1. Which numbered condition in (1) surrounded by fewer than 18 Cβ atoms within 10 Å (Cβ to Cβ); (2) at pLDDT 95 or above is the only one that Ala295 fails?
2. Could you say whether any residue in region 355-366 is more than 17 Å from Asp415 (Cβ to Cβ), assigned to a strand (DSSP E or B) and at pLDDT 95 or above?
3. Just wondering, is there one or more residues in region 500-518 that are in contact with a Lys or Arg (Cβ under 7 Å, 6 or more places away or on another chain) and of a type in the set (Phe, Trp, Tyr)?
4. Going by the structure shown, is Arg224 at pLDDT below 90, under 21 Å from Ala268 (Cβ atoms), of a type outside the set (S, T, N, Q) and in the same structural domain as Ala258 (by TED's automatic domain parsing)?
5. Name the residues in region 169-188 that are among the polar types (S, T, N, Q) and part of a strand (DSSP E or B), would you?
6. Tell me whether region 168-186 contains one or more residues that are crowded, with 17+ Cβ neighbours inside 10 Å, out of contact with any Gly (no Cβ under 6 Å at 6 or more places or on another chain) and on the phi > 0 side of the Ramachandran plot.
7. Sort out which residues of region 320-368 are surrounded by fewer than 19 Cβ atoms within 10 Å (Cβ to Cβ), without any contact (Cβ under 8 Å) to a residue 60 or more places away in the chain and either in the same structural domain as Ala45 (by TED's automatic domain parsing) or under 30 Å from Asp53 (Cα atoms) (or both), and write them in order of number.
8. Would you confirm, using the coordinates I've provided, whether Thr229 is surrounded by fewer than 22 Cβ atoms within 10 Å (Cβ to Cβ), modelled with pLDDT of 95 or more and over 36 Å from the mean Cα position of the chain (by Cα)?
Amino acid sequence: MGMMKLRAALTAAAVACTAAVSVAAPAAAAAVPTALGQGAYLPIAGVGGMAVDPLHKRVLVTNPSANSLLSLSYFGGVQKSVPAGWNAGAVTLSPDYATVYVASPDEHQITAFDAATLSPKRTYELGQQVWPRQIAVTSGKVWMAYDGGMGSLDPATGETTLHDLDNDAWVNPLLLTAPGAPGTLVLANAWRYSVGNGDVLVYDVSSGDAVLKTKSRFGDGTLRDAKLTPDGSTLIGFGNECPIWKAPITDPAAKTTAYDNGICRPQAIDINTDGRVAFGYGNYDGTADITISPAGSQAAAEKFTVDNDQAVWWTAWEPGGSRLFAIGNVGEDWRFHAIHGSTPVRSTISLSAPAIAAPGSAIQFTGKVSQPGARVELYCDSNSPGDKFLVATATANASGQFTLVDKRPETFVYDYTVVYAGTDSIAPASASASVTVQNTPALTLSHNNTVNNYGATVTLTAHLGTTFNNRAVQIWADPYGTEPQRLLRWTNVDAKGNLTASLKLTRTTAVLVKFTGDAKYGPTSARSVLNTRASVALQPSRQYKAAKIGTVPYRYYHANVHPYFLTTINPYPGRKQRLTLEVVSGGKWKVWRVLDLPLNTKGQSAFTLTGTHPVGAKYRARAGYLTTTSGDSVNYTNYSPYYYFTFTK
């Protein structure tokens, strides 16, 4: 669908939808446009037609890609969505606002709906040669424009009358009526998305039959969209880019430039029953996106801008009212804007979702809406036109919190939007999140949480499971402490999925294996911690002999000699040794002294045992490095062997 990826964040912020903006129309042109924000989210991939029902206070929009008709509140919330025929397009209302008519060109039919309930009343088959593009209701009949012709439908009998224009250039022509001229029907060879040749036919249909009154033309490239003034006498429209013009319907070639407000790229036009003219634009330079000119004036008395570089494709007035509605888009992100009318209660919604999920797994969305007990809907957009569909609904609790769950079987990047539709007095709200659904390959690394001797060389094995076309992995070593991590290997695994790397250990080291992903499998990693003992050596000296007592080797000291102990541990800043001295008491070894002594930059620490040394007493000593206790945690706890000693005369 080409949606702009403004949702890359994994946790979406709350999006407050634009409410109706009440602005008093000044007599002079507005100097600074009013900002409308980004508008209310519409769960559609395009707009086929738009009409306003002032009796039931709703805006009707067709979504061709979903073959549906949507009823929107005056603030843009979706109240109802009903099937409306394949590629549902133009939509219009009967003069009494009792019936909604929707054209389905691909099914060669027009469907009538009850305007109050949107329940289908009748489907009118038009024949395989009729592809209804535009429809209008006047003089008791439904009039249609189709490729190459025009026709009428009697809604009471279903009888269809066709008028072949015998001109292949009439492709998707405009069909125009005016409230002040119910017997006038204008057919213009143009399309709102591209210019036609400019031919204009004016019919008198007051009798129920189409009587051609005048035939003329604007000229090539000058007509893309137009509307009739309320009295039916004048056409106001535009071609490509600039300018906007006006012309009498009896002589379109006499067109003159009009509404020259310095803004180009017009995309939409609508004229209110009181004569006010609204234009929508596709500007991206900060100039106005919507303008309103008062009746009898060509100056833009009101100007409005919308967020996110939206192009405004549709504008529609509330018949007989002051409200103006506009629909704009960026790619397939469609937004609704309401101007004038009442100001709703603002609402907000937040959404949190995982960034990555496995195919077929439950994707959980959590959030909060500012209206407790509100119904929220989750829409998924799979980046394919038309694939913007409702996947889950939930009712928020008393705190406004909700949970929604979806599953996607295929690997893809899915854009999700959670929507609160609001009410007739509360504005809708939406928030979005993007979830990447992908397979995650199996990836393991050996030797996790092993304990290894200082200086040992360890060969690790990484194993990569099934992937699509990437078989390379990276193996990184990250020694504890300030030393930076380093790359050991980066290459393809072997036929069995294995890759080995050897590492000589001097510190506890975290080893990380990384797979960066491919077209079908996401990135993943595995980590192993190789605990590495400190190197601890204790060297006593000043003894006068060595001999065994029983089976245990002892060092013998004269009672007037002070034993000297030199400890060496692999150095690290701020490191200490723990020297433990024990003595035999009551036939058991008991701790006598515990000393935490600093090591120098070479990792050495010396201690001299002073004091009175009782003859015949049995002692032992050992040095140790204790993780954290010895001042750091870059090595694993380790001790020297015990050294036994005694004193003689």
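The values are calculated or read from the model by the stated rules, or taken from the named source; none is laboratory data. Values in this document were obtained by computation on a predicted structure and should not be read as measured data. Glycine also receives a Cβ, built like all others from the backbone with ideal geometry; neighbour counts cover every protein chain displayed.
1. Evaluating Ala295 over (1) surrounded by fewer than 18 Cβ atoms within 10 Å (Cβ to Cβ); (2) at pLDDT 95 or above leaves (2) as the failure.
2. Yes, region 355-366 contains at least one residue that is more than 17 Å from Asp415 (Cβ to Cβ), assigned to a strand (DSSP E or B) and at pLDDT 95 or above.
3. No, because not a single residue in region 500-518 is in contact with a Lys or Arg (Cβ under 7 Å, 6 or more places away or on another chain) and of a type in the set (Phe, Trp, Tyr).
4. yes
5. Result: Thr177, Thr184.
6. Yes.
7. The one that is surrounded by fewer than 19 Cβ atoms within 10 Å (Cβ to Cβ), without any contact (Cβ under 8 Å) to a residue 60 or more places away in the chain and either in the same structural domain as Ala45 (by TED's automatic domain parsing) or under 30 Å from Asp53 (Cα atoms) (or both): Ser322.
8. Yes, satisfied.
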